[in-house]
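Enquirer: Would you mind keeping the following structure in view while I ask a few things?
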Amino acid sequence: MTPNPTFLTVDEALDTLLASARPIQVVESIPLQLAIQRVLARDQISPLDVPPHDNSAMDGFAVRMSDLTAQTLPQLQVTQRIPAGSQGQMLQQGTAARIFTGAPIPDGCDAVVMQEDTVSDGETIKIMQPVRLGQHIRRRGEDISQGSIILTAGTRLGAAQLGLAASVGLPNLPVTSRLKVAMLFTGNELVTPGHPLTEGQIYNSNRYVLHGLLTQLGCEITDLGNIPDNLEATRGALRQVATGHDLILTCGGVSVGEEDHVKAAVQAEGNLALWRIAMKPGKPLAFGHIGDTPFIGMPGNPVSTFVTFLLFVRPFILKRQGATDYLCSPLKVTAGFDWLKPDKRREFLRAQLSTSVTGTPEATLYPHQGSGVLTSCVWADGLVDVPSGRAIQAGDLVSFLPFSTLLG
Ligand code: AMP
Ligand code: MG
């Protein structure tokens with residue numbers, strides 16, 4: 001089944017968006033502890049070996065293999081004590097050094113015996129187990145060798161990446177500057193939590209969804225809040241954020257109803273392509289520019305906002321930030337459901353992942369897939385991607401986009 005030809009496919013819309021997502025070039029050097037979620041601007045090369053010296057992987061005793069050849073249980077004199085952070089002496093024949101995890105291996109030592117494999121009287125030890133050459137020694141440079149690339153440009157910095165930079169002694173990292181994103185929400189019905197609802201009103205939930213999603217992506221947010229459904233107010237809001245921002249996001253008002261003013265406002269202030277995308281949820285999506293600033297208008301239904309953000313806005317933002325991993329690779333999982341009346345449009349169904357009786361990951365659908373049901377996004381672990389017109393039977397393999405990646 002082919003989708004309606006006046007509709008763009010998800011891939012066509014994404015390709016067009018990404019083609020215009022120019023990576024920002026401004027780079028700043030910031031301390032490691034501020035660099036979480038930022039995008040690395042340049043490859044990082046290690047100035048040293050990690051670990052910087054051979055060291056013990058255990059609390060135990062540093063020994064010489066040549067002392068352990070006797071048939072009887074070897075007995076050695078303990079002549080030195082080497083805690084982490086100190087340097088031992090040359091290990092003499094017939095002796096052992098008390099050594100602790102992370103302490104440098106003394107010259108002459110070629111194995112460490114863990115303390116559980118010894119019996120000690122305080123001055124000597126007996127070794128109760130066979131010893132292998134090199135055992136329990138962590139070699140200099142076994143993690144990182146001096147001059148190697150430890151992190152590549154375009155990496156999104158998570159906790160492990162920051163630890164790696166610290167392990168080679170880097171106090172700062174060059175990152176692309178934070179993307180400045182303005183957001184506004186159209187709808188006369190919208191009320192901010194903390195204020196009572198009157199007849200016909202609803203709370204603006206998308207504002208908090210977008211705030212959370214943009215924060216997780218490391219963006220700097222300008223929040224214009226709720227804008228009433230009229231052309232002048234919408235134009236005024238757009239003009240207010242047209243400069244000084246890298247992206248303008250709007251939510252709601254991009255359909256073709258009389259109360260949808262975003263389209264006309266963007267056309268008056270800049271230029272606009274209003275797309276109908278063959279997807280469910282989230283059919284309308286607007287894309288354009290106000291001056292030089294890109295603009296993306298998302299539909300207002302909460303699940304549509306959430307899904308269109310994850311599929312379109314997230315990769316657009318990541319690419320502009322210079323990230324290389326801006327697309328989410330789907331997993332293949334088993335359908336734990338039947339989907340026998342497929343839509344012409346490609347669907348993104350909210351699903352939980354569990355382990356099936358055969359041990360494979362299996363997706364189960366939230367029972368109510370309506371585009372206003374935000375509960376489905378809280379319940380789910382990700383989105384099952386159903387191609388247009390494809391019926392699915394329990395046991396079929398389906399593509400699954402995990403929130404662990406999309407919300408990371
Ligand atoms: P619209 O895209 O403006 O036609 O809105 C579609 C539906 O989403 C309507 O039911 C709106 O009331 C609802 N809606 C729009 N914006 C928001 C928002 N910020 N928070 C929650 N619901 C919204
Ligand atoms: Mg509206």
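The values are calculated or read from the model by the stated rules, or taken from the named source; none is laboratory data. Computed from a predicted structure; not experimentally measured. FYI the Cβ positions are ideal-geometry reconstructions off the backbone, even for glycines, and counts take in every protein chain you see. Heads up: the accessible areas ignore ligands, DNA and RNA and are worked out on the full protein's heavy atoms, side chains in. Shrake-Rupley method; radii C 1.70, N 1.55, O 1.52, S 1.80 Å.
Enquirer: Report whether or not GLU258 is open to solvent by 10 Å² or more (accessible area, probe 1.4 Å) and within 16 Å of ligand 1 (Cβ to nearest atom).
Expert: Yes.
Enquirer: Let me ask something else about it. Here are some conditions: (1) of a type in the set (Lys, Arg); (2) closer than 25 Å to VAL373 by Cα; (3) surrounded by 21 or more Cβ atoms within 10 Å (Cβ to Cβ). ARG320 meets all but one. Which one does it not meet?
Expert: Result: ARG320 fails condition (2) only.
Conditions tested, residue by residue: (1) within 16 Å of ligand 2 (Cβ to nearest atom); (2) within 22 Å of SER205 (Cβ to Cβ); (3) assigned to a loop (DSSP other than H, G, I, E, B); (4) not charged (D, E, K, R).
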| site | (1), (2), (3), (4) |
| --- | --- |
| ALA265 | yes, no, no, yes |
| ALA273 | no, no, no, yes |
| PHE312 | no, yes, no, yes |
| PRO315 | no, no, no, yes |
| LYS332 | no, no, no, no |
| PRO342 | no, no, yes, yes |
| LEU349 | no, yes, no, yes |
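Enquirer: For residues that are under 15 Å from ARG140 (Cα atoms) and open to solvent by 50 Å² or more (accessible area, probe 1.4 Å), tally how many sit in the range 95-116.
Expert: The qualifying residues number 2.
Enquirer: Follow-up. Looking at the range 144-175 only, could you name the residues that are in contact with a Pro (Cβ under 7 Å, 6 or more places away or on another chain) and of a type outside the set (Gly, Ala, Ser)?
Expert: Matches in the range 144-175: GLN146, VAL168, PRO171, ASN172.
Enquirer: How many residues does the range 335-384 hold that are touching a Phe, Trp or Tyr at 6+ places or on another chain (Cβ under 8 Å) and β-branched (Val, Ile, Thr)?
Expert: Within the range 335-384, residues that are touching a Phe, Trp or Tyr at 6+ places or on another chain (Cβ under 8 Å) and β-branched (Val, Ile, Thr) number 4.
Enquirer: Still on this structure, I have one more. With THR250, THR308 as the choices, which residue is open to solvent by less than 50 Å² (accessible area, probe 1.4 Å), of a type in the set (Ser, Thr, Tyr) and in a helix (DSSP H, G or I)?
Expert: Going through THR250, THR308 in turn, the sole match is THR308.
Enquirer: Please indicate, with yes or no, whether at least one residue in the range 368-378 is crowded, with 20+ Cβ neighbours inside 10 Å and either assigned to a strand (DSSP E or B) or among the acidic types (Asp, Glu) (or both).
Expert: no
Enquirer: Name the single residue, out of those in the range 270-284 being within 11 Å of ligand 1 (Cβ to nearest atom) and crowded, with 23+ Cβ neighbours inside 10 Å, that is farthest from GLY244 (Cα to Cα).
Expert: Out of the qualifying residues, it is PRO281.
Enquirer: Looking at the structure I just gave you, is GLY212 within 16 Å of ligand 1 (Cβ to nearest atom), touching a helix residue (DSSP H, G or I) at 6+ places or on another chain (Cβ under 8 Å), more than 22 Å from PHE7 (Cβ to Cβ) and modelled with pLDDT of 95 or more?
Expert: no
Enquirer: Residue under question is LEU40, and the condition is that it be under 14 Å from ARG156 (Cα atoms) and either at pLDDT below 95 or buried (at least 17 other Cβ atoms within 10 Å of the Cβ) (or both); does it hold?
Expert: Yes: the conditions hold for LEU40.
Enquirer: Of all the residues that make up the range 370-388, how many are more than 16 Å from ligand 1 (Cβ to nearest atom) and either farther than 15 Å from LEU401 by Cα or out of contact with any Leu (no Cβ under 7 Å at 6 or more places or on another chain) (or both)?
Expert: Number satisfying all stated conditions: 4.
Enquirer: Looking for whichever is away from ligand 2 (no atom under 12 Å from the Cβ), at pLDDT below 95 and not assigned by TED's automatic domain parsing to the domain that holds ARG346 here; the options are GLY257, GLY282. Which one fits?
Expert: Exactly one residue qualifies, and that residue is GLY282.
Enquirer: Identify, please: which residue in the range 285-305 is polar (S, T, N, Q) and within 16 Å of ligand 1 (Cβ to nearest atom) and is, among those, surrounded by the fewest Cβ atoms within 10 Å (Cβ to Cβ)?
Expert: If we take residues in the range 285-305 being polar (S, T, N, Q) and within 16 Å of ligand 1 (Cβ to nearest atom), then ASN301 is surrounded by the fewest Cβ atoms within 10 Å (Cβ to Cβ).
Enquirer: Same structure, new question: Scan the strands (runs of 3 or more DSSP E) fully inside the range 127-197 and keep the ones with 2 or more residues being open to solvent by less than 60 Å² (accessible area, probe 1.4 Å) and within 16 Å of ligand 1 (Cβ to nearest atom).
Expert: 180-186
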